[in-house]
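Presented below is the structure to which this report refers.
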Amino acid sequence: MKRLAFYFFTAFIFLGLGSIILAVPVGKSAPEFTATDSNGKAHKLSELKGKFVVLEWHNQDCPFVVSQYKGKMEALQKKWTKKGVIWFSVISSASGKEGSVTPAQANEDVQKHGASPTATLMDSDGNVAHAYDAKTTPHMFVINPQGVLIYNGAIDNAPLEDKVVQKNKDGETFVNYVDKALTEAMVHKATVSISSTAPYGCHVKYK
C-alpha cells in the first residue's frame, strides 16, 4: 500500500510539473538515436524518414504500465502498426533497477501480453532516454515522417484506469493523446491539437 501511494505521489508530481519541464521541443527535429532491440537488430531514427514513429517508455514492473497493458496499450499498438507506424517500446531501466530485463525477458513480456510494438529497444545505459529527457513509464513521443516531434507527454488522461472509459476519474472526457495525435496527423493530415501534456507514471530508472 505504501509503495502504491508513492507511485501516486510521483505521478501527481509529474502531472503538476510536466508542462514546465518537458525538454524536447515539439515542432523541432526529434533527437537522432541508434539503439539495439531485444532481437539484436539496430535501429536508427534517421533511417525511418517517411514513417510515423512512436516511442513508448516501458517498465513492466511499474503499476502505471501494468494498467496500460491490460488491453489498452496492446490494442493501440496493433491499430497503428497495422497502418505502418513504427512503434518502439523503450526499456531504459539501468541494470539492477526496477524494470531491468534481459532481451529474452523483454521478448517474453511482449509475448505474454500479445503486444505489437515494432521492436523493443534495450537502453539500459539511458542514451535514448536522456536524448529525449524521458521522465516516466509510460512517457510517449510521436515523430512525423519528416523527423519532427509532434507529440510529447502522457499516454492518456486516465492514470491507473485499466480499461477504456468514457470519462476519467475527474469526470473529464477520456482522451488517449497518442491515438488523437496520430489520427489528426496521419489520417486527417492536420496539425496535432494537443501536442504536449505532462507525463505521468514511475520515474525512469536511470543509473
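Bear in mind that the values in this text are calculations on the coordinates, not laboratory data. What you see is a predicted model, and the numbers here were worked out from it, not measured in a lab. No Cβ is skipped: glycine too gets one built from the backbone with ideal geometry, and neighbour counts run over all protein chains shown.
Details
- By the count of other C-beta atoms within 10 Å, a proxy for reagent exposure, 32, 56 are ordered fewest to most as 32, 56.
- Note, ³J(HN,Hα) from phi for the stretch 131-141, Karplus 6.51, -1.76, 1.60, rounded to Hz, x at Gly and Pro: 4, 9, 6, 5, 10, 9, 10, x, 10, 10, 9
- Student exercise, the stretch 2-203 dipole from Lys, Arg, Asp, Glu Cβ charges, in Debye to nearest 20: 420
- Exposure proxy order (Cβ contacts within 10 Å, fewest to most) of 57, 87: 87, 57
- Aspartates and glutamates with Cα under 20 Å of residue 205, excluding same-chain neighbours fewer than 8 positions away: 37, 56, 61, 98, 109, 123, 125, 133
- Fewest-first sequence of 186, 140 by Cβ atoms within 10 Å of each Cβ: 186, 140
- CD proxy at 222 nm, helix term only [per DSSP H run n ≥ 4: -39500 (n - 2.57); per residue of the chain; nearest 500]: -8500 deg cm²/dmol
- Taking the DSSP beta bridges with both ends in the chain, the antiparallel portion is around 65 percent.
- Between the beta carbons of residue 164 and residue 188, assuming R0 = 25 Å, the FRET efficiency works out to 0.75 to the nearest 0.05.
- The residue list 160, 128, 188 was ranked by how far each Cα lies along the charge dipole of the chain toward its positive end, using unit charges on Cβ atoms, and 188 comes out on top.
- For residue 175, distant residues with modelled amide H under 5 Å away: 157
- Phi-based couplings in Hz for the stretch 156-162 (Karplus 6.51, -1.76, 1.60; Gly and Pro marked x): 7, 10, 9, x, 6, 8, 5
- Reach of residue 49 by Cα under 26 Å, taken over lysines that are not fewer than 8 positions away in the same chain: 28, 41, 78, 79, 82, 83, 135, 180, 189
- Summarising the label geometry, the points placed 7 Å from Cα in the beta-carbon direction at residue 104 and residue 41 lie 2.1 nm from one another.
- Taking a ≥ b ≥ c as the square roots of the eigenvalues of the Cα gyration tensor, the stretch 42-140 is oblate, since a/c reaches 1.5 or more and a/b is not larger than b/c.
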